[in-house]
Amino acid sequence: MSEATTQNKEYSVIGRSFPKVDARDKATGRARYTGDIKVPNMLYGKILRSPHAHARILKIDTSMAEALPGVKAVITAKDVPSTMYGISPARYDETIFAIEKVLYVGDKVAAVAAVDDETATKALSLIDVEYEVLPPVLDPLRAMDDDQPQLHPQYPRNISVEIHQNFGDVDKALAEAYHVRTDTFSGTRTSHVPMEPHAAISKWEDGKLTISCSTQSPHYFQYHIARVFGLKMGDVRVMKTFVGGGFGGKLEASGAEYVSAALAMKTGRPVKIVFDRWEVFTHHRGRHPQHITLTTGVTKEGKIVGCHARFIIDGGAYTSLGIASAYYAGAMIPLIYMFDDYRFDGFRVHTNLPSCGAQRGHGAPQPRFAFESQLDMIAKDLGMDPIEIRRLNARKPNTMTPNEFQVNSCAFTEALDKARNISGWDEKKGKLSSDKGIGIGCGGFISGNGYAIYRTRLPHSGAVIKVSEQGDIATLYTGAVDIGQGSDTVLAQMAAEAIGINYEDIKLVTADTETTPHDFGAYASRQTLMSGWAVKQAGEEIRKQVLELAAEMLEANVEDVDIDRRVIYVKGSPDKVLPFERVANEFFIMRGPLVGRGKYAPPKLGGKFKGAPVGTSPAYSFAAQVSQVEVDEETGQVMVTDVWDVHDCGQVINPMLLHAQVEGALFMGMGEAMYEAMVFDANGKPLNANLGEYRIPTALDVPHVVSDLVDSYEPAGPFGVKEVGEGATLPTMGSYANAIYDAIGVRIYDMPLTPEKVWRAIQERKRM
Amino acid sequence: MIVPQFEYLVPQSLQEACALLGQHGSKAKVLSGGSDLIVKMKNGLAKPDYLVSLKNLDELKGVRYEAGTGVIIGSRTTHNQVIANPILREKYPSVCAAAATMAAYQIRNIGTIGGNLVNAVPSADMPPILIALGAQARIVGTAGERVVRVEDFFLGPGRTVLGQDEILAELVIPDQATTGSNYVKFGLRRAGALAVVGVASSVTMAGDVAKDVRIILGAVAPIPMVAREAENVLRGKKVSDDLIQHAGKVAAVESKPINDIRGSAEYRRNLVDVLTRRSLKAAIEKGHV
């Protein structure tokens, strides 16, 4: 694995692989996750969930559960606010407990709080619910039909969102194209599978609600929980504990918080709720299965002239973040290749299945699989090399997409060339033995979202840094949320760099709505860029104050004074130096606390058409991924032996963490490509809501990965940074599908690429 | 996930264990590694009032060789102990290899070979290879001891010949006339995956002639299945690629797979064909002794 090639030698702290700030805590087990925490007088909460995919609740009898010794509260919809919540403001459609109908197997019906887990579990079995079972909607392709049952009265024909975006003249472009293809692809309902389940502990004291939880966004939790319970935001404090993975699934409050809060209010005691694995799967909010039809036209030379993308997207029972997911599906298609004429028609529909939401790459990975597959098919039709057709169409820097995303830095062509080079593409393509193949897939992603999820004028990130009175350390207060990806470490490096002190000098207070400045949290690959700007600004404010005082103390002009790793010096006068701590200490004595403040709000981005904000970002990453596979033609089993990923992610802050993000994203993409799909029986009951039958790749399954970079600097990012955490998920499915085609000449149109599916395709090929 | 309430009994001898099982009847279950039972209990699929732990019965642990009898494997021997055992590694590496296909390292540290048989899951990895080697099960009950062939041990999914007061004590792999054996598993992931199909075979070669052949199929019938017709294709014949091909086809036809979330019956038949050929080839070419 190569070190960052973009490392700028001028920097002292960024660009270096410092160990994570919490590495020791996690390696030794000292890190306490929500589930590990016990507080005095704490009760254990459990949620009773629907066994039916679609049913009317006729009667709930809680008397037997209430009579069980050790049970402190049993609550149903009548005990809690009926305010609808969600995370897409246009579609709040969930309540704490189902009021009239349950809409999926796992929907929340009632809850108990008891002195221990065992009693709470037993109490659940004593709640008697009478249901009238209704026919469920299970097939997204039929959900809009007139004969289908309706899930929500406010969404006729089960349409959650309908999208029509049209840029340029696609019909004309396709009519004039030399070659046009229409192909249909589909993806599956994959889930985030964080190792740590969703969990929350709520305390209700003197009219104030305090929730410690596993979250990607204390801010959104605070906002929605305050709204639902009718509390001032200031009376709701949300604190993140250590988080064992989020991947999009912990961006919205899951019910663990709402229900534990309601139980805490009712009992006056702290209440903890930890989901079990079945609950994590059925709560879901992960990938939407998409049915994607692409019609794409090219010139004789292979230049893309237009594309029409049509989607039917299975949203499951509730909206969750699905409006954004549906817009992302189409919005990200024209990002990485340059063409002007683009149309996107989409329907997100409701089914009586687990609700879909945001998952690493959001709505973009499945459409990207479709596009990358079709582009290879077009290249074959034209007799072109797959990398050549991508180079020909690759986006250039300082251009705008047809849907008005401004792209500044873009080293996509360089990434393609490097991927070709390090994978040995030219020596391998078409020259490997008959069971081996090589394929390419590409991707691009946002570096933070241009707009918050709800309408607000709040900046997206804030930061405060306070230097200690002795000047020995500096504490960074940030609302940014480390969920394992390493944002605390990266932001500490940026803070140290901006001030001019060492990484080890930075202490952190993070992700607590009461003690840290506002930040929207860990989603949309936003924190390195957005929280990073706020931190950099705060650090520079300290640097400026320190250097001004130092100039006085050194009797020098302020513009001649500088700082590097705690040493303040006068340029050109090597004997005139002061240690940082002396100046900082003097600052406190003379002027009071040494504090720096920063905030970041993105500039106004995007067009004026409906849905224009989704996909806007200050900066975009690009990636090219080459995969090599071996296929066992007799069983259909595919072994991915090698993957070469080349990412254009701007300036690197911590190379070790960056490559870890690439690997993690790639392996998640691999899971979606090869193994993962939630499956249900004919009544909508999940058949594999466990880690045995929902298979994610293990260490034995993953390929050898080479993660490499291209030189890149993003003017819209602090120090030149952009995205990495999600982008490497995007190319993988297409890259694998294309490699399989190269190996054995079969094209798989639907995910995942299971052995049986590959074997069936081989049988089909043999019959033809 | 909460394990329901139960009473935990820790007998100090095999006889005491059998007596406890007899006393509590169907309300009691034997706890060995617990890698299957405890999961079932957490999921509400088993609700025993009593768990009879074998943890203090050291006589059920370990592997030894007795001349004239064969290799004796205690039922409480963990999968990882099977994998690492020098006697098995020398005499029957195919048994070690079969154990190594199971679950994940941590689970192999807990799960036992006896448990793998007694649970009687159709996809279990140890029964096919043990049957292929003609292994026998030593069963101890309150009335004494009896021996049955592993081939005859299973009655259906989750059902075995064990009586209410009986415990599987040991497995005996008799000295072999066979010259090679092998287990090939097809799972949907390289670790932590149940067999979609598993095929074990053993052959007794005399020059080019297969004097005897055993082919045992896992996960394609309610119990581990002997592919008798496929065995007959090769038995007593001069081995050739064509004949092995044919045996694979015959095994596929006689297998009785079902459709489930891990694979269709049609695909499983194909896997039986492919895996039977591969297992036979390896057993013929590589041997086990």
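The values are calculated or read from the model by the stated rules, or taken from the named source; none is laboratory data. What you see is a predicted model, and the numbers here were worked out from it, not measured in a lab. Cβ atoms come from the backbone with ideal geometry, glycine included; neighbour counts cover every protein chain shown. Accessible surface areas use protein heavy atoms only, side chains included; no ligands, DNA or RNA. Shrake-Rupley method; radii C 1.70, N 1.55, O 1.52, S 1.80 Å.
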Using r as the Cβ-Cβ distance of A:Thr184 and B:Asn259, and R0 as 25 Å, what FRET efficiency do you calculate, to the nearest 0.05? 0.45
Relative contact order in percent for the range B:1-50 (Cα pairs under 8 Å, 6+ apart) equals 54 percent
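If A:Glu676, A:Glu414, A:Glu559, A:Glu581 are ordered by their accessible area, calculated over protein heavy atoms with a 1.4 Å probe, which sequence runs from highest to lowest?
Of A:Glu676, A:Glu414, A:Glu559, A:Glu581, the descending order of accessible area is A:Glu559, A:Glu414, A:Glu581, A:Glu676.
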Please list A:Ile422, A:Ile292 from largest to smallest accessible area, probe radius 1.4 Å, with all protein chains kept in place. A:Ile422, A:Ile292
Using a 1.4 angstrom probe and counting only protein chains, how large is the accessible area of A:Thr267 in Å², to 10? 40 Å²
Dipole of chain A (Lys/Arg Cβ +1, Asp/Glu Cβ -1, origin at the Cα centre): which of A:Ile499, A:Val71, A:Ile748 lies farthest to the positive side? A:Val71
B:Arg146: accessible area at probe 1.4 Å, nearest 10 Å²? 90 Å²
Give the distance, in whole Å, between the Cα centre of the range A:600-659 and the Cα centre of the range B:228-264. 46 Å
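Taking N as the number of residues in the range A:91-176, what is its Cα Rg relative to 2.2 N^0.38 Å? It would help to have the intermediate numbers written out before the result.
Values: Rg = 21.1 Å, N = 86, 2.2 N^0.38 = 12.0 Å.
Compared with the compact-globule rule of thumb, the range A:91-176 sits at 1.76.
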Give me the distance in nm between label points sitting 7 Å out from Cα along the Cα-to-Cβ direction at A:Arg56 and A:Asp575, one decimal. 9.4 nm
Suppose a student asked you for the relative contact order of the range B:61-173, using Cα pairs under 8 Å spaced at least 6 residues apart; what percent would you report? 27 percent
Difference of contour (0.36 nm per residue) and Cα-Cα distance, A:Tyr11 to A:Lys208: 66.4 nm
Can you tell which of B:Asn80, A:Ala200, A:Tyr713 lies farthest toward the positive end of the dipole of the protein assembly as shown, using +1 and -1 charges on the Cβ of basic and acidic side chains (Lys, Arg; Asp, Glu)? B:Asn80
Given a Förster distance of 45 angstrom, what is the FRET efficiency for A:Thr641 paired with A:Glu552, based on the Cβ-Cβ distance and rounded to 0.05? 0.10
Under 30 Å from the Cα of A:Lys172 - lysines, other chains or at least 8 residues apart: A:Lys300, A:Lys303, A:Lys380, A:Lys396, A:Lys608, A:Lys610
Cα centroids of the range A:327-392 and the range A:716-768: how far apart, whole angstrom? 12 Å
Between the range A:506-576 and the range B:71-143, how many Å separate their Cα centres? 63 Å
Per the C-alpha gyration tensor (a ≥ b ≥ c, the square roots of its eigenvalues), chain B is rounded if a/c is under 1.5, else prolate if a/b beats b/c, else oblate; here it's prolate
Give the ranking of A:Arg310, A:Arg269 by solvent-accessible surface, highest area first, calculated with a 1.4 Å probe. A:Arg310, A:Arg269
Calculate the mean, over all residues of peptide B:186-194, of how many other protein chain Cβ atoms lie within 10 angstrom of the residue's Cβ. 6
Cα-only Rg/Rh for the range B:7-53 with Kirkwood Rh rounds to 0.97
Dipole moment magnitude, nearest 20 debye, the protein assembly as shown about Cα centre, only Lys, Arg, Asp, Glu C-beta charged: 1160 debye
Percent relative contact order of the range B:1-91, based on C-alpha pairs within less than 8 angstrom and at least six residues apart? 29 percent
Pair B:Val209, A:Asp147: separation of 7 Å Cα→Cβ label points (nm): 6.6 nm
A:Ala67 and A:Asp235 label points (each 7 Å along its Cα→Cβ direction) are spaced in nm at 3.7 nm
Filter the chymotrypsin sites (Phe, Trp or Tyr not before Pro) in the range A:151-185 down to the DSSP loop ones having no more than 14 other Cβ atoms within 10 Å, then list what survives. A:Tyr178
Please get the size of the charge dipole for the range B:74-194, origin at its Cα centre, with Cβ charges of +1 on Lys and Arg and -1 on Asp and Glu, quoted in debye to the nearest 20. 460 debye
